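Enquirer: I have a structure here, written as structure tokens, and I will follow up with some questions on it.
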Amino acid sequence: MKAIDNKELILALEDLEKEKGIKKELILESIETALVTAYKRNFNSSENVRVVMDKKTGKTSVYAIKEVVEKVENDIEQIGLKEAKKINKTAKIGDKVEIEIVPKNFGRIAAGTAKQVIIQKIRESEREIIYTEYSDKKGEIVSGPIQKADKGIVVMDLGKLEGIMPLKEQIPTENYNVNDKIKAYVVDVEKGEKGSPQVIVSRSHPDFVKKLLEFEIPEIYEGLIEIKSVSRDPGKRSKVAVYSQDPNIDPVGSCVGQRGIRIQNVINELHGEKIDVIEWNPDISIFIAAALLPAKIMAVDIKEEEKFAQVIVEDDQLSLAIGKAGQNARLAAKLTNWKIDIKSESQFRKMLEEQNENDTENEEKEEQ
């Protein structure tokens, strides 16, 4: 019986390499490995075999690998020296020799195995292409209808892939319903089970606000205005620090727009989340004071090494500076990346008085 010959397979693999970029040699190696498993499974064999496919003709040959011994005790794994020399004249005890075998119906098994391997490689290639395509979208905004919304996870239909939005990436104040079309920020692209790409999306990420502002404000998109930082309490409030090197551009005014129309489009997308646009300043004292708006700040005392700021406000401005449940102070701290302690004028005066009393007591003790 002749060895299996399948030149059509080689031609098909060459076409596949041109169309999808899958290397012919890589598929042939995978087919050879798969055929060894197929041989052992179909023929219930434990013998050591090697399958070789000719890279030009597709000719498939199966070889049983046997050890040369003086006395054969296991004819599946061993071969006598006399028989071995008929195959290889230089064979000696301890060598391995390969005996070509052509199992019955192996051509059909080989064809089926090759088809399975090719389908698998095409799928892997397509997954890799999609993975690369969506990896390039990391940090961008995508949109699509909601496919599923249950068990705390929202799934978006992105066309070739699904966008997974875990609970922590959702805005707590929003409701998500199937078929609603939404926008989301691509946080990451991972390889899930069986190598399938998985896109992780978010509506709560601070950079989602940043990207929405880029879409709405041409000056940001063109680089005339820079977003220095964003802090966010998703669904409730965001603070955005903006800056422009051009003295003729008002970064805050440009972002807000006439009658607030530009910023309103972003607020609408976020279903009413408030957005404070603040001008960034290289002077950290000025920046911290601006970050605590709408409160009016009397003074900011900074400790550079500790990145700590002591902020003083008038008594009637304290609750405004801190904000409901500490929100304003917390967002300002995130925006500036500084620790901020806010005290009213009365609190600060009392603190100074206590400090002076302590200092006086210490001096008196030292004198005694």
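Enquirer: Could you work out how far apart the two model spin labels at LYS56 and ASP246 are, taking each label as a point 7 Å from the Cα in the direction of the beta carbon, and quote it in nm?
Expert: It works out to 6.6 nm between the two label points.
Enquirer: Please get the size of the charge dipole for the range 7-133, origin at its Cα centre, with Cβ charges of +1 on Lys and Arg and -1 on Asp and Glu, quoted in debye to the nearest 20. The partial results should precede the final answer.
Expert: Values: 25 positive and 23 negative charges, 82 e Å.
With only Lys, Arg, Asp and Glu charged at Cβ, the dipole is about 400 debye.
Enquirer: Right, something else. Could you check the simple spin-label distance between ALA111 and GLN310, using points 7 Å along Cα→Cβ, in nm with one decimal?
Expert: If labels sit at ALA111 and GLN310, their model points lie 8.8 nm apart.
Enquirer: For LYS23 and GLN355, compute 0.36 nm times the residue count separating them, minus their Cα-Cα distance, and round to one decimal in nm. Could you put the intermediate results ahead of the total?
Expert: On the way: separation 332, 0.36 × 332 = 119.52 nm, distance 7.70 nm.
Full extension from LYS23 to GLN355 adds 111.8 nm.
Enquirer: While we're here: Using r as the Cβ-Cβ distance of PHE215 and THR173, and R0 as 22 Å, what FRET efficiency do you calculate, to the nearest 0.05?
Expert: On the way: r = 22 Å, r/R0 = 0.99.
After rounding to 0.05, the efficiency reads 0.50.
Enquirer: If I build a Gaussian network model for the chain, linking alpha-carbon pairs within less than 10 angstrom, which residue out of GLU67, GLU305, GLU17 has the largest mean-square fluctuation?
Expert: GLU305
Enquirer: Treating the beta-carbon of each Lys and Arg as +1 and of each Asp and Glu as -1, no other charges, what is the dipole magnitude of the chain about its Cα centre, to the nearest 20 debye? It would help to have the intermediate numbers written out before the result.
Expert: Working: 58 positive and 67 negative charges, 691 e Å.
Computed charge dipole of the chain: roughly 3320 debye.
Enquirer: If you find the alpha carbon centre of the range 110-145 and of the range 221-276, how far apart are they in angstrom?
Expert: So the separation of the two Cα centres works out to 38 Å.
Enquirer: A further question on this structure: Got a sec? Which residues in the range 102-142 would a label at LYS7 touch, if it sits 7 Å along Cα→Cβ and we count backbone N under 19 Å?
Expert: Only 111 pass the distance filter.
Enquirer: Check cross-link reach from LYS307 to the lysines: straight Cα distance under 23 Å, and skip same-chain residues fewer than eight apart.
Expert: LYS228, LYS239, LYS296, LYS334, LYS339, LYS343
Enquirer: Go through VAL187, ILE93, VAL240 and say which Cα lies farthest out towards the positive end of the charge dipole of the chain; charges sit on Cβ, +1 for Lys and Arg, -1 for Asp and Glu.
Expert: ILE93
Enquirer: For ILE340, list long-range residues whose amide hydrogen, built 1.01 Å from N in the peptide plane, is under 5 Å from its own amide hydrogen.
Expert: Excluding prolines and chain starts, which carry no amide H, the hits are ALA309.
Enquirer: Using 1/(1 + (r/R0)^6) with R0 = 45 angstrom and r between the beta carbons of GLU47 and ASP188, what's the FRET efficiency to the nearest 0.05?
Expert: Values: r = 47 Å, r/R0 = 1.05.
It comes out at approximately 0.45.
Enquirer: Please get the size of the charge dipole for the range 137-202, origin at its Cα centre, with Cβ charges of +1 on Lys and Arg and -1 on Asp and Glu, quoted in debye to the nearest 20. Don't jump to the answer; show the numbers that get you there.
Expert: Numbers: 10 positive and 10 negative charges, 30 e Å.
Charge dipole of the range 137-202: 140 debye, to the nearest 20.
Enquirer: Further, regarding this structure: Taking a 19 Å limit on the Cα-Cα distance, which of the listed pairs LYS148/LYS168; LYS7/LYS40; LYS24/LYS55; LYS20/LYS121 fall beyond it?
Expert: Numbers: LYS148/LYS168 16 Å; LYS7/LYS40 25 Å; LYS24/LYS55 8 Å; LYS20/LYS121 10 Å.
Among LYS148/LYS168; LYS7/LYS40; LYS24/LYS55; LYS20/LYS121, the Cα-Cα distance tops 19 Å for LYS7/LYS40.
Enquirer: Would you mind computing, in nm to one decimal, how far apart the modelled labels at ASN281 and ASP301 are, each placed 7 Å from Cα along Cα→Cβ?
Expert: Going by the 7 Å Cα→Cβ label model, 1.9 nm.
Enquirer: Tell me the label only: which of (1) 142; (2) 319; (3) 128 is volume of the Cα convex hull per residue in Å³ as calculated from this structure?
Expert: It is the one labelled (2).
A short reminder: the numbers here are calculations on the coordinates, not readings from a lab. Just so it is clear, the model here is predicted, and its values are computed rather than measured. Positions of Cβ are generated from backbone atoms using ideal geometry, with glycine treated the same way; all protein chains shown enter the neighbour counts.
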